[in-house]
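The block underneath contains the structure these notes are about, expressed in structure tokens.
Read the figures in this text as sums done on the coordinates, not as results from a lab. Just so you know, these numbers come straight off a predicted model, no measurement behind them. Cβ atoms come from the backbone with ideal geometry, glycine included; neighbour counts cover every protein chain shown.
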Amino acid sequence: MSARGRHGARRLLVQALYQNQIGGHDAATLIEQFSTSKEFTGVDAEYFLAVLDEVMEGKEALDAQIMVAADRPIEQLDPVERCVLWIGVAELKSHPDIPAKVVINEAVELAKEFGALDSFRYINAILDNASNALR
């Protein structure tokens with residue numbers, strides 16, 4: 001699948017993981033909801049499912065990795081920032097085929113689109129630190 005397909009998958013992942021945090025939806029519910037959405041037809045579905053599974057199964061480990069680089073408790077992170085960081089750290093950990101610079105750039109773009117005004121700077125700093133530790 002193209003880079004555009006993976007970017008689309010990441011956009012939907014932010015939305016799905018946000019719903020998980022706010023509404024408590026489990027992976028099966030999220031897959032059912034997002035796989036039937038109009039936007040899903042243009043994304044890398046396999047990648048969406050893989051990263052969703054990695055995040056849902058590994059939140060504690062991902063949070064621990066984020067905490068190594070963060071300057072505040074994980075509970076104080078904005079839910080959107082946390083979603084973007086989960087995706088970025090999962091990619092750094094489990095997808096060595098994707099260059100760290102691409103992971104970080106994609107996360108920064110997601111933060112600009114979905115996050116608070118300057119959250120992209122915070123995302124960039126944390127993932128840069130995480131990439132040094134994980135790669």
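The figures follow:
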| item | result |
| --- | --- |
| Helix-only [θ]222 nm of the chain, DSSP H runs n ≥ 4, -39500 (n - 2.57) each, per residue, nearest 500 | -25500 deg cm²/dmol |
| Leading residue at positive end of dipole, the chain (Cβ point charges), from A27, F114, L52 | F114 |
| Lysines whose Cα lies under 19 Å from that of K93, excluding same-chain neighbours fewer than 8 positions away | K59, K101 |
| Distribution of pairwise C-alpha distances over region 3-134, 10 Å bins, in % | 13, 49, 33, 4 |
| Length gained when the stretch A50-Q76 is fully extended (0.36 nm per residue, less Cα-Cα span) | 6.7 nm |
| Expected-Rg normalisation [2.2 N^0.38 Å, Cα atoms] applied to region 51-98 | 1.07 |
| Length-normalised contact order of the chain in % [C-alpha pairs under 8 Å, at least 6 apart] | 25 percent |
| Environment charge of N124, counting only residues whose C-beta is closer than 13 Å and scoring Lys/Arg +1, Asp/Glu -1 | -2 |
| Residues I104, I22, I74 arranged by fewest to most Cβ contacts within 10 Å | I22, I74, I104 |
| Dipole magnitude of region 3-134, debye to nearest 20 (Cβ charges: Lys/Arg +1, Asp/Glu -1, about Cα centre) | 340 debye |
